[in-house]
Amino acid sequence: MILDCGCPGVYPDWQDQDIDLAHHAAHTLPIASFLYMPLAYDTYRQRQQLGIGQLELEERWPGFALSRTGLFGGRLIRLLKDGRSPSRHVGNLPARFQLNVRMHAGGIGTVRDTVRRQQMDLLDSGRMPKEIYMAYLTCPRCAEARGGERIMVLRRWEERPRLKRRQGKR
């Protein structure tokens, strides 16, 4: 269920967990960004929702989108129940797609501490942090009614034997 404002009505309960989304069906839409700030984010979310509807695909959690931005571009990923479609935007996630998940209560301006804590915990456990994905669970319009702003911070990681050995020596 997607709320009127476009936020997900339900989302996965992955708080403080490591999840593996390897080979999971997904709809991936490239988005424009400049210096890691997405441009026309709501437009891309609506375009992706329209595309999923036109392809008659079913989402696992409607409205739940993982955002990844880069220097000049990024992508929006929505998880699907079935990935069989002729669309170039539908495919499977890579084989190594383990994510560490943290919930952040607050806006994007205060997410720095959560990301820093998450990165240190990953390094302390011998895992190399890779890119960050964010899932915005509330928007400014619905945040007050739903208990404040919330962002799900997902950090992809890879197992590194060298880091594990280093942690064992400490």
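Assorted remarks:
- Being under 22 Å from Trp157 (Cβ atoms), out of contact with any helix residue (DSSP H, G or I) (no Cβ under 7 Å at 6 or more places or on another chain) and either free of Cβ contacts under 8 Å to residues at least 40 places away in the same chain or not aliphatic (A, V, I, L, M) (or both) is not true of Gln49.
- The number of residues in segment 127-170 being within 18 Å of Gln17 (Cβ to Cβ) and either aliphatic (A, V, I, L, M) or surrounded by 17 or more Cβ atoms within 10 Å (Cβ to Cβ) (or both) comes to 15.
- Checking Ser85 against (1) in a loop (DSSP other than H, G, I, E, B); (2) surrounded by 15 or more Cβ atoms within 10 Å (Cβ to Cβ); (3) under 15 Å from the mean Cα position of the chain (by Cα), the condition it does not meet: (3)
- Listing of strands (runs of 3 or more DSSP E) fully contained in segment 90-170 that carry 2 or more residues being free of Cβ contacts under 8 Å to residues at least 40 places away in the same chain and within 24 Å of Leu79 (Cβ to Cβ): 127-136
- Residue check, Phe64 in contact (Cβ under 8 Å) with a residue 40 or more places away in the chain and either within 16 Å of the chain's Cα centre (by Cα) or not assigned by TED's automatic domain parsing to the domain that holds Lys130 (or both): yes
- Count - residues of segment 9-28 that are closer than 20 Å to Gln49 by Cβ, in a strand (DSSP E or B) and within 13 Å of the chain's Cα centre (by Cα): 3
- Unmet criterion (only one of (1) surrounded by 19 or more Cβ atoms within 10 Å (Cβ to Cβ); (2) under 14 Å from the mean Cα position of the chain (by Cα); (3) within 16 Å of Ile132 (Cβ to Cβ)) for Ser33: (2)
The values are calculated or read from the model by the stated rules, or taken from the named source; none is laboratory data. Predicted, not measured: the structure shown is a model, and the values here were computed from it. Neighbour counts are summed over all protein chains in view; Cβ atoms, including those assigned to glycine, are modelled from backbone coordinates with ideal geometry.
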